[in-house]
Each structure stands twice: as C-alpha cells, then as structure tokens.
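Below is one structure, written out as structure tokens; comments come after it.
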Amino acid sequence: MSVKSTESIAANQYKITFDVDHATFEAAINKVYKKSVKNITIPGFRKGKAPRAIVEKMYGKEVFYEDAINEVIPAAYTDAVKDFEKTIVSQPEFDVETIDENGVVLTATFFTKPEAEIADYLGLPVTRENKEATEEEINDELSRVQARNSRMIEITDRAAAMDDIANIDFEGFVDGTAFAGGKAEGHDLKLGSNQFIPGFEEQIVGHSIGDAFDVTVTFPEDYHAEELKGKEAVFKCKLNALKFNELPVLDDDFAKDVSEFDTLDEYKADIKAKINERHAKAADAAVEEQIINALGEKLVCDIPECMFVNETENFVRDYDNRLRMQGLDLATYFKYTGMDLDTLRKNMRPDAERQVKTRLALEKIAELENIVVSDEETEEEYKRLAEAYNMELDKIKEAVAADAIAEDLKVKKAVDLVKEKAVVTEAAPEVSE
C-alpha cells in the first residue's frame with residue numbers, strides 16, 4: 001500500500017488516494033473465491049469444485065472484485081492514515097478509482113476534528129445564587145420521615161372519616177345497568193385522595209364497618225370513557241374495614257428512634273445542615289453551568305455535522321445502557337412513552353451539541369495553558385476507574401488507552417482552571433419569611 005495524494009476538499013474534510021498492489025489484491029480475490037466457490041454451481045463441475053478461472057469466465061472477471069476490495073480496505077486504509085496528522089472524526093467513505101494489472105486505486109473521504117479558537121476564557125463573570133434551608137423544606141423532610149415510620153391502625157370504634165383508608169366492595173350502574181370497569185371487591189381507598197370520581201369519597205364518610213349503601217355521582221364531561229361522560233351513576237357499596245395511618249409524634253423520642261440525635265432540635269439542625277449542603281452543591285453546579293455556557297459562546301470553530309451526530313448516538317447508547325441496568329431497554333421505553341428513536345435523538349441533540357462544543361473549548365484551553373498530565377496522575381486515574389467499575393486494573397488498561405485517560409485529565413484540569421479564575425459574585429442568601 002502507498003499513499004498517492006492527500007487533499008483538503010472542504011472545511012475539515014479530506015480525501016486520501018491510496019493504492020493496493022496487484023499481489024495483495026490478487027491474494028484477496030483468491031481468498032474470496034475460496035470462501036464463495038462452495039455456493040457456486042457451474043455445469044460440468046461438482047458444486048463448489050469449479051476452478052476460479054471458469055467462474056470468472058462465466059460471470060466476468062469482476063465477479064469477486066467487490067468482496068475482495070472489502071477484504072483489503074480495512075488494513076490498507078489503516079496503513080494509509082497512520083501518519084495523518086489530524087484526528088479523524090467520521091467513518092470514511094470509499095470509492096474505487098481504478099482496477100488494473102497494477103492493483104487497485106482507492107479514495108477515502110472523511111472529516112477531521114476542527115481547529116478551535118477561544119479567548120478571554122479566564123476571569124469569566126458568574127453569579128453564585130446562595131440559598132438557605134427554609135422551614136418548609138425542613139418540615140417536608142420531617143413529614144417524609146414520619147411517613148416512613150408510620151403504622152397502620154385498624155379502626156373498629158367509629159365511622160369513616162377523611163384520611164381513613166376504607167376497604168370497600170362496589171359496583172356501578174348507569175340507568176340501572178352495570179358498566180364495564182365499575183366493579184371491585186376489597187379495594188383500599190384513602191378518603192380525601194381524590195382517586196375516584198368527585199363526590200364518591202365524601203359519601204363514604206360517616207358510614208360504619210358492615211354498612212351497605214349507595215353512592216350517587218356524575219361522571220365528568222371529560223371522562224375518558226365516551227359512553228360515561230356526563231352520566232349519573234349509582235354505586236352499590238359495602239364498607240368492609242377501616243384503617244388509619246398513624247404518624248409518630250414529632251418529639252425527642254421520635255428523634256432518638258430515627259437518628260443518632262437525642263433531641264428533636266438537634267435532629268432538625270442536622271436536617272437543615274444537610275439541606276444547606278444540597279443547596280451549596282446545586283449552587284456550585286449552577287456556577288459550572290454558567291461557565292460551560294460562556295465557553296460555548298466564546299468558542300470559534302467550524303464543527304462538522306458528523307461530530308454532533310456521533311455524540312448524539314453516544315447519548316442514546318448511554319441512555320439504553322442505563323435503562324438496561326434497570327431491567328428495561330429502549331424498545332420497552334418507547335412502548336410506554338409513545339416516543340420513538342428519532343424523537344429521542346431530537347431531544348438529546350441539544351445536549352450533544354453542547355458536549356461537543358464544551359470538549360473542543362476545554363481541549364483548546366488545555367493546549368493554550370500548556371496543561372500536562374504526569375504518568376503518576378494517569379496511573380491514579382486508572383486505579384480510580386478500576387475501583388469505580390469493580391474491574392481488575394489490567395482489564396481497565398486494556399479497555400482504555402493511556403492517551404485517552406491523559407486527554408480526559410487535561411480537560412478536567414482545564415475546567416478546574418477556568419472555575420478557579422472565574423470572577424464569582426455571591427448573591428444574597430434566599431431565606432423564608
């Protein structure tokens with residue numbers, strides 16, 4: 001193989017012309033013939049026994065060319081671009097220029113990573129929105145813990161009331177005729193949850209266990225079943241049992257039961273501290289978001305479409321992998337959401353574009369700032385990945401090239417540098433009244 005020419009044909013698009021010598025191409029044809037001949041029948045020869053020359057005479061000497069070209073392209077192309085200085089970011093498109101007694105002349109057209117320009121990336125002005133935990137947030141967290149530690153109490157000494165859980169049998173009738181989906185036995189219904197038709201749950205209130213009674217309601221005009229819209233219905237009901245979800249009292253004993261603290265005040269102070277920590281992390285993330293957006297705006301770069309397409313596909317694959325970890329897959333996801341692959345790609349495209357631009361900007365900053373990564377840092381990152389993915393260190397090193405690790409660390413250092421040099425304005429903390 002030899003490279004005959006390399007030319008730039010458009011922005012970040014190149015075409016390499018290279019050849020495959022006659023001996024190499026001939027060997028490929030012979031290999032393809034040996035694989036294909038077993039399926040070829042030629043009159044006068046047993047199936048699979050026809051000589052190559054006879055097959056070519058009957059079907060034309062080009063009969064094996066396409067498969068032979070596909071056979072030689074991978075190695076020939078790899079050899080052709082091994083000394084190419086730019087980073088190729090697309091799959092090549094191949095064309096055959098000539099096939100003759102000298103071999104094959106091929107072209108490969110592809111896109112390369114664009115040259116990026118960026119300036120004024122240090123000292124970016126950003127605002128950090130500080131927020132402190134509100135009483136409402138603290139009380140919401142306490143309520144969630146209360147709910148997790150509640151207990152179900154059977155009610156036997158009073159009639160049904162709002163917030164009770166009523167176990168009922170019911171059957172619905174419209175104009176004296178039972179309708180589909182209107183019957184159930186042993187159904188638990190929390191009164192006041194508004195799970196049923198408006199007015200239904202309120203009519204259970206006041207009834208006692210064992211009571212049989214009618215509930216009369218009118219279906220809403222926008223009810224999903226066309227034949228029931230706006231119709232009056234009578235439900236024959238029976239109250240089988242009542243339960244009540246009893247919440248623990250918020251006091252020092254509660255704090256001792258659910259935490260390592262001895263008093264409710266100490267527990268609430270800890271909840272407040274943890275909420276403030278979440279707010280601080282959210283504020284840090286928002287600052288980084290502002291920085292990333294600013295870098296994208298400052299980036300000057302003619303980015304090939306294929307880079308956005310490739311990154312979008314990476315996002316789709318990652319999403320599919322996350323679904324599979326939950327026991328799902330894209331097909332199931334599409335079934336339940338009504339979405340399709342094209343819609344998912346469309347939804348992910350903006351984030352993919354942002355990711356590509358951010359990476360190009362940070363790689364350029366790393367270059368401009370002469371950021372380097374030591375072998376020790378690369379080794380530490382390998383160890384971190386091995387621990388994170390629960391894999392042997394050697395397996396991680398086989399899967400991920402050291403150069404790729406180093407490039408990722410350079411980008412991380414570039415992020416840290418831009419964040420460190422950013423001019424952060426601290427907004428006054430938001431507090432509840």
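For segment 162-178, what are the residues that are charged (D, E, K, R) and exposed (fewer than 15 other Cβ atoms within 10 Å of the Cβ)?
From segment 162-178, those charged (D, E, K, R) are 163-164, 169, 171, 175; that's our starting set.
Of everything in segment 162-178, those that are charged (D, E, K, R) and exposed (fewer than 15 other Cβ atoms within 10 Å of the Cβ) turn out to be D163, D175.
Does segment 89-100 contain any residue that is under 15 Å from A11 (Cα atoms), in contact with a strand residue (DSSP E or B) (Cβ under 7 Å, 6 or more places away or on another chain), assigned by TED's automatic domain parsing to the domain that holds T17 and surrounded by 14 or more Cβ atoms within 10 Å (Cβ to Cβ)? Before the answer, list the steps.
Keep residues of segment 89-100 that are under 15 Å from A11 (Cα atoms), which gives 89-90.
Add one more test, that the residue is in contact with a strand residue (DSSP E or B) (Cβ under 7 Å, 6 or more places away or on another chain), and what stays is 89-90.
So of that shortlist, the ones also assigned by TED's automatic domain parsing to the domain that holds T17 come out as 89-90.
Adding the requirement that they be surrounded by 14 or more Cβ atoms within 10 Å (Cβ to Cβ) leaves 89-90.
Scanning segment 89-100, I find at least one residue that is under 15 Å from A11 (Cα atoms), in contact with a strand residue (DSSP E or B) (Cβ under 7 Å, 6 or more places away or on another chain), assigned by TED's automatic domain parsing to the domain that holds T17 and surrounded by 14 or more Cβ atoms within 10 Å (Cβ to Cβ), so the answer is yes.
How many residues does segment 159-171 hold that are more than 44 Å from the chain's Cα centre (by Cα) and either outside any loop (DSSP other than H, G, I, E, B) or free of Cβ contacts under 8 Å to residues at least 12 places away in the same chain (or both)?
1
Got a number for residues in segment 136-161 being out of contact with any strand residue (DSSP E or B) (no Cβ under 7 Å at 6 or more places or on another chain) and either surrounded by fewer than 12 Cβ atoms within 10 Å (Cβ to Cβ) or more than 28 Å from E288 (Cα to Cα) (or both)?
Quick first cut of segment 136-161, residues out of contact with any strand residue (DSSP E or B) (no Cβ under 7 Å at 6 or more places or on another chain) only: 136-149, 156-159, 161.
Now restrict to residues that are either surrounded by fewer than 12 Cβ atoms within 10 Å (Cβ to Cβ) or more than 28 Å from E288 (Cα to Cα) (or both): 136, 139-140, 142-149, 156-159, 161.
Qualifying residue count, segment 136-161: 16.
Applying the selection to segment 189-211, what residues are in contact with a helix residue (DSSP H, G or I) (Cβ under 7 Å, 6 or more places away or on another chain) and among the hydrophobic types (A, V, I, L, M, F, W, C)?
Those that are in contact with a helix residue (DSSP H, G or I) (Cβ under 7 Å, 6 or more places away or on another chain) and among the hydrophobic types (A, V, I, L, M, F, W, C): L189, L191.
Condition check ((1) surrounded by 15 or more Cβ atoms within 10 Å (Cβ to Cβ); (2) assigned to a strand (DSSP E or B)) across all residues:
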site: A180; (1), (2): no, yes
site: Q195; (1), (2): no, no
site: P198; (1), (2): no, no
site: G206; (1), (2): no, no
site: G210; (1), (2): no, no
site: D214; (1), (2): no, yes
site: Y223; (1), (2): no, no
site: L250; (1), (2): yes, no
site: D253; (1), (2): no, no
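Kindly establish whether T337 is within 19 Å of Q290 (Cα to Cα), modelled with pLDDT under 95 and not small (G, A, S). Full working, then the answer.
Working: within 19 Å of Q290 (Cα to Cα): no; modelled with pLDDT under 95: yes; not small (G, A, S): yes.
Considered against the rule, which asks whether it is within 19 Å of Q290 (Cα to Cα), modelled with pLDDT under 95 and not small (G, A, S), T337 comes out as no.
Name the residues in segment 365-411 that are at negative phi, surrounded by fewer than 12 Cβ atoms within 10 Å (Cβ to Cβ), not in a helix (DSSP H, G or I) and not β-branched (V, I, T), would you?
Hits for segment 365-411 are S374, Y389, E392, A401.
Do we have any residue at all in segment 343-364 that's outside the structural domain of T87 (by TED's automatic domain parsing), part of a loop (DSSP other than H, G, I, E, B), out of contact with any helix residue (DSSP H, G or I) (no Cβ under 6 Å at 6 or more places or on another chain) and not hydrophobic (A, V, I, L, M, F, W, C)?
From segment 343-364, those outside the structural domain of T87 (by TED's automatic domain parsing) are 343-364; that's our starting set.
With part of a loop (DSSP other than H, G, I, E, B) added as a condition, the list becomes none.
No, segment 343-364 contains no residue that is outside the structural domain of T87 (by TED's automatic domain parsing), part of a loop (DSSP other than H, G, I, E, B), out of contact with any helix residue (DSSP H, G or I) (no Cβ under 6 Å at 6 or more places or on another chain) and not hydrophobic (A, V, I, L, M, F, W, C).
Quick check on D320: is it touching a Leu at 6+ places or on another chain (Cβ under 7 Å) and either over 20 Å from Q91 (Cβ atoms) or touching a residue at least 24 places away in the same chain (Cβ under 8 Å) (or both)?
Considered against the rule, which asks whether it is touching a Leu at 6+ places or on another chain (Cβ under 7 Å) and either over 20 Å from Q91 (Cβ atoms) or touching a residue at least 24 places away in the same chain (Cβ under 8 Å) (or both), D320 comes out as yes.
Six or more apart or on different chains, Cβ under 8 Å: which pairs go from a residue in segment 133-152 that's over 15 Å from K272 (Cβ atoms) to one that's in a helix (DSSP H, G or I)? Could you list them?
Final answer for the pair search is Q146/F254; N149/F254; N149/D257; N149/V258.
Residue-wise test of (1) under 27 Å from L417 (Cβ atoms); (2) in the same structural domain as V418 (by TED's automatic domain parsing); (3) free of Cβ contacts under 8 Å to residues at least 40 places away in the same chain.
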residue	(1), (2), (3)
E289	yes, yes, yes
M307	yes, yes, no
R324	no, yes, yes
G327	no, yes, yes
I371	yes, yes, no
E377	yes, yes, yes
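Out of segment 403-412, which residues are within 9 Å of V373 (Cα to Cα) and either among the basic types (K, R) or not assigned by TED's automatic domain parsing to the domain that holds E377 (or both)?
As a first pass, look at segment 403-412 and keep what is within 9 Å of V373 (Cα to Cα): 406-407, 409-410.
Once the filter is applied, which keeps residues that are within 9 Å of V373 (Cα to Cα) and either among the basic types (K, R) or not assigned by TED's automatic domain parsing to the domain that holds E377 (or both), segment 403-412 yields only K410.
Given (1) of a type in the set (D, E); (2) without any contact (Cβ under 8 Å) to a residue 12 or more places away in the chain; (3) surrounded by 15 or more Cβ atoms within 10 Å (Cβ to Cβ), identify the lone condition not met by E353.
Here E353 meets the rest and fails (2).
Looking only at segment 8-55, count how many residues are out of contact with any Ser or Thr (no Cβ under 8 Å at 6 or more places or on another chain) and within 30 Å of D302 (Cα to Cα).
Counting residues in segment 8-55 that are out of contact with any Ser or Thr (no Cβ under 8 Å at 6 or more places or on another chain) and within 30 Å of D302 (Cα to Cα) gives 3.
Identify, from the list V63, V37, the residue that is under 26 Å from D95 (Cα atoms), within 52 Å of the chain's Cα centre (by Cα) and either outside any helix (DSSP H, G or I) or in the same structural domain as E93 (by TED's automatic domain parsing) (or both).
V63
K412: of a type in the set (D, E, K, R), more than 19 Å from A361 (Cα to Cα) and without any contact (Cβ under 8 Å) to a residue 24 or more places away in the chain, yes or no?
no
Quick check on K31: is it in a helix (DSSP H, G or I) and either of a type in the set (D, E) or touching a helix residue (DSSP H, G or I) at 6+ places or on another chain (Cβ under 7 Å) (or both)?
It is true that K31 is in a helix (DSSP H, G or I) and either of a type in the set (D, E) or touching a helix residue (DSSP H, G or I) at 6+ places or on another chain (Cβ under 7 Å) (or both).
The values are calculated or read from the model by the stated rules, or taken from the named source; none is laboratory data. If you're wondering where the values come from, they're calculated on a predicted model, not measured in any experiment. Cβ atoms come from the backbone with ideal geometry, glycine included; neighbour counts cover every protein chain shown.
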